[in-house]
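Enquirer: The structure is given below, and queries will be raised subsequently.
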Amino acid sequence: MSSTKYQDFRTRVIHECQSPADWEGATLPPIYQSAANLHPTAENLSDTFGGKTGDHIYMRLTNPTNKVLEQKLAALEGGARALVTSSGMAAITNACMALLRAGDEFVSGNSLFMSTYVLFNNIFKKYAITARMVESTDLTAIEEAINEKTRFIYLETIGNPKMDVPDLAKAADIAHRHGLPLLVDSTLATPYLCRPIELGADIVIHSTTKYFSGHGDATGGVLIDSGTFNWQSHRFPDFKPFIDRKGPLAYLDKVWREHHINFGTTQAPLHSYLTMLGLDTMALRMERHLANAQQVAEFLSNRPEVKWVRYPGLTNSPSHQTAAAQFNGLGFGGVLSFGLADQATCFKFINTLKLAYNLANLGDCKTLVIHPYSSQYLSFDEPTRQKLSITPDLIRLSVGIEAVTDICDDLGQALDTI
Ligand SMILES: *Cc1c(COP(=O)(O)O)cnc(C)c1O
């Protein structure tokens with residue numbers, strides 16, 4: 001597998017780690033749909049178990065199709081190595097569990113994907129792990145929450161549905177000053193818009209279910225290791241055997257060996273294939289997502305029925321300047337949220353839409369709409385919803401790649417009825 005010499009992301013996203021000569025001339029890698037791999041001799045299988053060959057053993061451990069996607073995604077994020085998983089949540093769970101022991105703590109921004117919030121605040125509690133939750137954009141609060149038990153800092157590049165953008169370079173500086181890694185879920189940005197490792201992040205996570213696949217057809221996650229964090233820090237004595245084995249890639253080895261294999265968070269090779277098919281058009285799709293979202297945000301801002309719009313591309317967004325400095329100058333993301341009068345008005349609006357799909361996903365090429373308060377956050381108590389800015393008047397829109405005139409016409413005709 002060779003990396004391309006190209007600099008431009010739009011070319012790299014297609015040609016990075018392409019190797020048709022290894023695939024009998026095919027332009028996408030084959031789907032290796034095989035639970036286990038044959039070994040010529042008992043000695044070879046033993047050597048492979050001993051880590052002396054790079055051969056594959058069993059699909060739960062590794063798969064050749066997944067490996068190609070891992071190489072492509074590591075290259076696109078500017079990381080050293082990647083691990084693909086069955087879903088974004090599998091990547092997040094593995095990424096955190098590899099760092100956490102009973103009694104440990106970590107600091108997290110509270111503008112989080114819903115299931116991540118539940119994992120951090122409810123599930124980890126059962127294992128005596130404390131997530132110190134702070135405002136994602138409050139660097140002072142992040143630093144003040146660090147103590148001797150802290151093992152990492154966790155942020156999302158663009159929080160959702162709050163649409164806040166933390167300063168990743170400054171957060172990475174804080175983390176490193178305290179000997180901690182910065183983990184970033186960059187699903188909403190994608191490496192087209194922002195590459196957190198270039199800003200100082202150590203581990204980048206994505207739900208590939210969203211913009212990478214792009215067609216709502218495959219679930220998947222990925223964890224990308226920069227390979228540059230110093231795990232010899234006094235905070236990580238449990239990393240010694242992994243450092244001895246893999247040096248700077250100790251973390252990804254720990255994730256894989258301890259958690260991915262034993263939790264069984266394997267990516268199906270068909271899903272890796274579909275994700276690679278999606279990657280071929282990702283830059284093109286992102287260009288349209290970003291342009292459309294900006295126009296839709298401006299359209300909604302000018303409608304009297306819309307009380308407020310949250311989108312980092314609007315100059316009145318508290319995150320506008322950070323986003324403008326941190327993103328590649330290509331736009332501000334494809335997701336936005338806005339407020340109508342109340343929940344009943346939101347329901348009437350959604351039920352009147354003709355083009356937008358009412359479903360729980362984002363990053364699809366189709367425009368998607370949801371009322372988070374009554375769906376993803378239905379079981380959350382009121383104070384938590386308030387804290388997370390999940391209000392009954394809020395609608396989240398994942399702007400698709402249709403003609404923007406058709407998207408705005410659809411939103412406009414539904415607003416006309418309320
Ligand atoms: C969807 C999403 C996830 C979870 O990914 P799945 O593939 O659904 O498990 C995590 N983080 C963010 C920001 C997401 O949008």
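Enquirer: When the range 54-87 is examined, which residues are found to be in contact (Cβ under 8 Å) with a residue 12 or more places away in the chain, more than 18 Å from Lys5 (Cα to Cα) and of a type in the set (Val, Ile, Thr)? Spell out the reasoning first.
Expert: Of all residues in the range 54-87, those in contact (Cβ under 8 Å) with a residue 12 or more places away in the chain come to 55-61, 63-66, 68-87.
Applying the additional criterion that residues be more than 18 Å from Lys5 (Cα to Cα) yields 55-61, 63-66, 69-70, 81-87.
Scanning the range 54-87 gives Ile57, Thr65, Val84, Thr85.
Enquirer: So which residues in the range 159-168 are within 16 Å of the ligand (Cβ to nearest atom) and either open to solvent by 10 Å² or more (accessible area, probe 1.4 Å) or at pLDDT below 95 (or both)?
Expert: Asn160, Pro161, Lys162, Asp164
Enquirer: Continuing with the same structure: Hey, among the residues in the range 125-139 that are closer than 23 Å to Ser233 by Cβ and over 20 Å from the mean Cα position of the chain (by Cα), which one's most open to solvent (accessible area, probe 1.4 Å)?
Expert: Tyr127
Enquirer: Keeping to the range 314-323, report how many residues are within 12 Å of Ile158 (Cα to Cα) and surrounded by fewer than 23 Cβ atoms within 10 Å (Cβ to Cβ). Full working, then the answer.
Expert: Residues of the range 314-323 that are within 12 Å of Ile158 (Cα to Cα), as a first pass: 319-320, 322-323.
Of the ones still in play, those that are also surrounded by fewer than 23 Cβ atoms within 10 Å (Cβ to Cβ) are 320, 322.
Number of matching residues: 2.
Enquirer: Take the residues of the range 380-418 that are in a loop (DSSP other than H, G, I, E, B) and β-branched (Val, Ile, Thr): which is surrounded by the most Cβ atoms within 10 Å (Cβ to Cβ)?
Expert: Going through the qualifying residues, I end up with Val399.
Enquirer: Another one. Out of the range 169-190, which residues are out of contact with any strand residue (DSSP E or B) (no Cβ under 8 Å at 6 or more places or on another chain) and crowded, with 23+ Cβ neighbours inside 10 Å?
Expert: Passing the criteria: only Ala189.
Enquirer: Oh, and also: If the requirement is being in contact with a strand residue (DSSP E or B) (Cβ under 9 Å, 6 or more places away or on another chain) and within 11 Å of the ligand (Cβ to nearest atom), which of these qualifies: Gly220, Gly227, Gly200?
Expert: Within the list Gly220, Gly227, Gly200, the selection yields Gly220.
Enquirer: Which pairs do you get when a residue that is under 20 Å from Asn63 (Cβ atoms), found in the range 8-35, comes within reach of a residue that is open to solvent by 60 Å² or more (accessible area, probe 1.4 Å) and aliphatic (A, V, I, L, M), reach meaning Cβ atoms under 7 angstrom, with the pair 6+ apart or on two chains?
Expert: Close Cβ pairs (under 7 Å, with a partner that is open to solvent by 60 Å² or more (accessible area, probe 1.4 Å) and aliphatic (A, V, I, L, M)) amount to Cys17/Met1; Ser19/Met1; Leu28/Leu277; Ile31/Leu270.
Enquirer: Mind checking whether some residue in the range 279-294 is touching a helix residue (DSSP H, G or I) at 6+ places or on another chain (Cβ under 7 Å), within 30 Å of Tyr32 (Cβ to Cβ) and either surrounded by fewer than 18 Cβ atoms within 10 Å (Cβ to Cβ) or of a type in the set (Val, Ile, Thr) (or both)?
Expert: yes
Enquirer: Looking at (1) over 15 Å from Thr62 (Cα atoms); (2) touching a residue at least 40 places away in the same chain (Cβ under 8 Å), find the lone condition where His260 falls short.
Expert: (1)
Results for (1) without any contact (Cβ under 8 Å) to a residue 60 or more places away in the chain; (2) of a type in the set (Ser, Thr, Tyr); (3) under 27 Å from His271 (Cβ atoms), shown as yes or no for each residue.
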residue	(1), (2), (3)
Leu139	yes, no, no
Pro166	no, no, no
Ala169	no, no, no
His178	yes, no, no
Asp202	yes, no, yes
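Enquirer: In the range 42-158, which strands (runs of 3 or more DSSP E) lie fully inside it and hold 1 or more residues that are closer than 26 Å to Ser337 by Cα and either away from the ligand (no atom under 16 Å from the Cβ) or in contact with a Ser or Thr (Cβ under 8 Å, 6 or more places away or on another chain) (or both)?
Expert: 105-109, 130-134, 150-156
The values are calculated or read from the model by the stated rules, or taken from the named source; none is laboratory data. All values reported here derive from a predicted model rather than from experimental measurement. Reconstructed Cβ throughout: ideal geometry from the backbone, glycine too, with neighbour counts over all protein chains shown. Surface accessibility is based on the protein's heavy atoms, side chains included, excluding ligands, DNA and RNA. Shrake-Rupley method; radii C 1.70, N 1.55, O 1.52, S 1.80 Å.
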